[in-house]
Amino acid sequence: MLPSWCLADACSDQQCFLRLPRPGRSHCLTRVDGCYELASPQEKRCDFLLFVHARGQKGHWTVPVELKSGTIKFEDLDDIRDQLQAGADVAAKLLASEPVAGDPIRLRPILGYGDMALWLQQTLTRSEFKVTLGNNRQLIRPMTCGGQIGDVLRQDS
């Protein structure tokens, strides 16, 4: 069970935000950055972890989220991947302690960004930028700040 101060009602940080899934999907948003029960201040960590169950669909989504309001540069990509992987590792620990019965766990790491060149978005499609949760290995999905997380999950369903 998470302490209440680790729960969040909005996926926003500084000047970047992503809109949460629309009603009809049950979800739990956890602020990883600043919740030292989940990750110590010395460890890399993503900003948020979103757990989503879409009614009528098989599976639960685990969504590590990193928000960057500025311009993303090539030298930022390894650190972003490490932060999202750390979020997936935290999710694995949480899911081990609170197992979800029956349905598969699906992974979708998301980078919310303010500005990023198209060639950098294409660089994220290389295998070294994949994030792993159990035997599930997925590419990072870039989204501009203000985007709807539910749209990405619907595309991947």
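The values are calculated or read from the model by the stated rules, or taken from the named source; none is laboratory data. Every value quoted in this text rests on a predicted model; they were computed, and no experiment measured them. Quick reminder, even Gly has a Cβ in these numbers, built from the backbone with ideal geometry, and neighbours come from all protein chains shown.
Below are the figures for this structure:
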| quantity | calculated |
| --- | --- |
| Residue satisfying all of: in the stretch 1-19; of a type in the set (A, V, I, L, M, F, W, C) and closer than 19 Å to V90 by Cβ; modelled with the lowest pLDDT among these | M1 |
| Qualifying residue in the stretch 49-60 (condition: at pLDDT 85 or above and of a type in the set (D, E, K, R)) | no |
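Let's see how each residue does on (1) out of contact with any Lys or Arg (no Cβ under 9 Å at 6 or more places or on another chain); (2) of a type outside the set (S, T, Y):
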{"residue": "G87", "(1), (2)": "no, yes"}
{"residue": "S97", "(1), (2)": "yes, no"}
{"residue": "L124", "(1), (2)": "no, yes"}
{"residue": "G134", "(1), (2)": "yes, yes"}
{"residue": "M143", "(1), (2)": "yes, yes"}
{"residue": "V152", "(1), (2)": "no, yes"}
